[in-house]
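Engineer: Right, I'll just put the structure down here and ask away after.
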Amino acid sequence: MATVYDVARYITEAHGVMSAMKLQKLMYYAQAWHMVWEEEPLFTDDDFQAWANGPVLPSIYDKHRGQFKVDQSFFKEGDSTNLSDIEKENIQKVLGFYGDKTAQWLSNLTHQEAPWLDARGDTPVGAYSNEPITLSAIHEYYSSL
């Protein structure tokens with residue numbers, strides 16, 4: 001199974017330089033749709049949290065903290081060759097659909113969807129939250145679409 005760093009490395013190799021927020025959202029959708037299509041997570045070494053601007057992987061955030069743009073050099077411990085052909089194919093499908101969207105568009109989309117909304121609960125708009133977005137919530141929601 002791939003790690004979050006393997007996936008981040010693959011996405012930044014395939015898509016190039018992007019904002020850190022966009023990477024976080026592309027990783028979220030890669031995880032979601034891979035679970036729907038394969039009935040298993042793409043990675044399990046970190047969980048998304050329901051931050052104010054949408055789902056965030058803390059381990060990836062730690063790598064790009066304070067940076068607006070990211071590229072593959074941020075994820076040196078990642079190895080995209082660790083991904084299976086199916087994992088790469090699924091990520092490519094996600095990049096094909098979501099890759100041309102802006103980070104803000106992707107963030108706004110996550111704010112309309114149950115996994116992030118439910119994890120946030122009564123947390124005020126813009127307020128800090130580190131509530132996890134569970135894999136089961138992600139799978140249940142996206143498999144119902």
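Just so you know, all these numbers are worked out from the coordinates, no wet-lab data involved. This one's a predicted model, so the numbers in the text were calculated from it and none came from an experiment. Cβ placement follows ideal geometry from the backbone for every residue including glycine, while neighbour counts extend to all protein chains displayed.
Engineer: Taking the stated definitions as given, is E39 among the acidic types (D, E) and over 28 Å from R120 (Cβ atoms)?
Structural biologist: Values: among the acidic types (D, E): yes; over 28 Å from R120 (Cβ atoms): no.
Spelling it out, it is not the case that E39 is among the acidic types (D, E) and over 28 Å from R120 (Cβ atoms).
Engineer: Taking the criterion of being farther than 13 Å from M27 by Cα and exposed (fewer than 15 other Cβ atoms within 10 Å of the Cβ), would at least one residue in segment 52-62 satisfy it?
Structural biologist: Yes, segment 52-62 contains at least one residue that is farther than 13 Å from M27 by Cα and exposed (fewer than 15 other Cβ atoms within 10 Å of the Cβ).
Engineer: Moving to a separate point now. Which condition does V125 not pass, out of (1) more than 23 Å from Y5 (Cβ to Cβ); (2) out of contact with any Pro (no Cβ under 7 Å at 6 or more places or on another chain); (3) assigned to a helix (DSSP H, G or I), if it passes all the others?
Structural biologist: (3)
Engineer: Residue under question is L109, and the condition is that it be under 17 Å from H15 (Cβ atoms), of a type outside the set (G, A, S), outside any loop (DSSP other than H, G, I, E, B) and out of contact with any Cys (no Cβ under 8 Å at 6 or more places or on another chain); does it hold?
Structural biologist: Working: under 17 Å from H15 (Cβ atoms): no; of a type outside the set (G, A, S): yes; outside any loop (DSSP other than H, G, I, E, B): yes; out of contact with any Cys (no Cβ under 8 Å at 6 or more places or on another chain): yes.
Here the answer is no, as L109 does not meet what is asked.
Engineer: Looking only at helices (runs of 4 or more DSSP H) that lie completely in segment 1-74, which have at least 1 residues being under 12 Å from the mean Cα position of the chain (by Cα), more than 15 Å from L135 (Cα to Cα) and among the hydroxyl-bearing types (S, T, Y)?
Structural biologist: Working: elements: 4-15, 20-38, 58-64.
Per the criteria, 4-15, 58-64.
Engineer: For the structure I just gave you, tell me whether A32 is in contact with a Gly (Cβ under 9 Å, 6 or more places away or on another chain) and in contact (Cβ under 8 Å) with a residue 12 or more places away in the chain. Before the answer, list the steps.
Structural biologist: On the way: in contact with a Gly (Cβ under 9 Å, 6 or more places away or on another chain): no; in contact (Cβ under 8 Å) with a residue 12 or more places away in the chain: yes.
The answer is no for A32.
Engineer: Being hydroxyl-bearing (S, T, Y), in a loop (DSSP other than H, G, I, E, B) and within 16 Å of K25 (Cα to Cα) is the filter here, so list the residues in segment 75-103 that pass it.
Structural biologist: Result: T102, single match.
Engineer: Among what's in segment 1-20 and is within 14 Å of D100 (Cα to Cα) and of a type in the set (A, V, I, L, M), pick the residue that is surrounded by the fewest Cβ atoms within 10 Å (Cβ to Cβ).
Structural biologist: Keep residues of segment 1-20 that are within 14 Å of D100 (Cα to Cα), which gives 11-12, 14-19.
Narrowing further to those that are of a type in the set (A, V, I, L, M): 11, 14, 17-18.
Details: I11: 26, A14: 15, V17: 11, M18: 19.
The residue in question is V17.
Engineer: May I pose another question? Determine, yes or no, whether V70 is β-branched (V, I, T), crowded, with 16+ Cβ neighbours inside 10 Å and at negative phi.
Structural biologist: Values: β-branched (V, I, T): yes; crowded, with 16+ Cβ neighbours inside 10 Å: yes; at negative phi: yes.
It is true that V70 is β-branched (V, I, T), crowded, with 16+ Cβ neighbours inside 10 Å and at negative phi.
Engineer: Any chance you could count how many residues in segment 112-142 are under 25 Å from A14 (Cβ atoms) and not charged (D, E, K, R)?
Structural biologist: Looking only at that region, the number is 7.
Engineer: Pairs please, first residue from segment 120-145 and closer than 17 Å to M27 by Cα, second anywhere and part of a strand (DSSP E or B) and of a type outside the set (A, V, I, L, M), Cβ atoms under 9 Å, 6+ apart in sequence or on different chains.
Structural biologist: Hits for this filter: P132/Q49; I133/Q49; I133/P55; I138/P55.
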